[in-house]
Amino acid sequence: MKNPIEKYLASINNPLKFNAFLFLKLPAAWFMGIRVLKISAEKCEVKLPFGWRSQNPFHSIYFAAQTAAGELSTGLLAQAHLQGQPPVSMLVVRAEAEFFKKASATVIFTCEEGEAVRAVIQKTLADGQGYEIKMTSVGRLPDGEIASKIYLTWSFRRKKIT
């Protein structure tokens, strides 16, 4: 039998299930065409296609679409490590971005901070205090060049059970 994290990762890696989740819970991300390429407990890769649903008037991917893809790649890792745990709330408390190259092609956003977010969640669960972690998602163009880096600071707090 799979543990809760493995079950969650399997459902995210299932395109049909994940597309249904996006359509119902994050319709803007679904509309922009953001899709998970692969996710593990340590790393998440999402694809943001270049097209009319994600572009700005300057024929590049809109900064908000890039930020959404970065948020998804970091947030899914955090959600994976919350599976099977007591209730913890998570919230983006800060968003920052750097843009290096015009994103006029599909961009792959990668976050490799699964272990770091797991440690913060475990710390929150252990002592009941709230903690923050700044996570980075790097967006790369098909040629490997970095188009953008999205920095999301997530806050985790153990929910009080009443």
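Cβ contacts < 6 Å: first residue more than 14 Å from Leu91 (Cβ to Cβ), restricted to the stretch 131-148; second residue in a loop (DSSP other than H, G, I, E, B) and aliphatic (A, V, I, L, M), any location; separation 6+ or different chain. Result?
Within 6 Å, the pairs are Leu141/Ala105; Pro142/Ala105; Ala147/Ala103; Ala147/Leu141.
Which of the following residues is on the phi > 0 side of the Ramachandran plot, open to solvent by less than 10 Å² (accessible area, probe 1.4 Å) and touching a Pro at 6+ places or on another chain (Cβ under 7 Å): Gly84, Gly33?
Sole residue among the options that is on the phi > 0 side of the Ramachandran plot, open to solvent by less than 10 Å² (accessible area, probe 1.4 Å) and touching a Pro at 6+ places or on another chain (Cβ under 7 Å): Gly33.
When Ala64 is evaluated against the numbered criteria (1) of a type outside the set (Val, Ile, Thr); (2) at pLDDT 95 or above; (3) open to solvent by 70 Å² or more (accessible area, probe 1.4 Å), which criterion, by number, is the only one it fails?
It fails just one condition, (3).
It is to be established whether one or more residues within the stretch 117-132 are closer than 29 Å to Trp52 by Cβ and open to solvent by 40 Å² or more (accessible area, probe 1.4 Å).
For the stretch 117-132, residues closer than 29 Å to Trp52 by Cβ and open to solvent by 40 Å² or more (accessible area, probe 1.4 Å): absent.
So which strands (runs of 3 or more DSSP E) are wholly in the stretch 24-99 and hold at least 3 residues that are under 23 Å from Lys2 (Cα atoms)?
Fully inside the stretch 24-99 and qualifying: 35-39.
Looking at Ser73, Ser54, can you tell me which residue is among the polar types (S, T, N, Q), touching a strand residue (DSSP E or B) at 6+ places or on another chain (Cβ under 9 Å), surrounded by 14 or more Cβ atoms within 10 Å (Cβ to Cβ) and farther than 26 Å from Val120 by Cβ?
The match here is Ser54.
What is the one condition in (1) without any contact (Cβ under 8 Å) to a residue 24 or more places away in the chain; (2) open to solvent by 50 Å² or more (accessible area, probe 1.4 Å) that Ser104 does not satisfy?
It fails just one condition, (1).
The values are calculated or read from the model by the stated rules, or taken from the named source; none is laboratory data. The shown structure was predicted, so the numbers you read here are calculated from the model rather than taken from an experiment. Cβ atoms come from the backbone with ideal geometry, glycine included; neighbour counts cover every protein chain shown. Quick note on the areas: whole protein, heavy atoms, side chains included, nothing else; ligands and nucleic acids left out. Shrake-Rupley method; radii C 1.70, N 1.55, O 1.52, S 1.80 Å.
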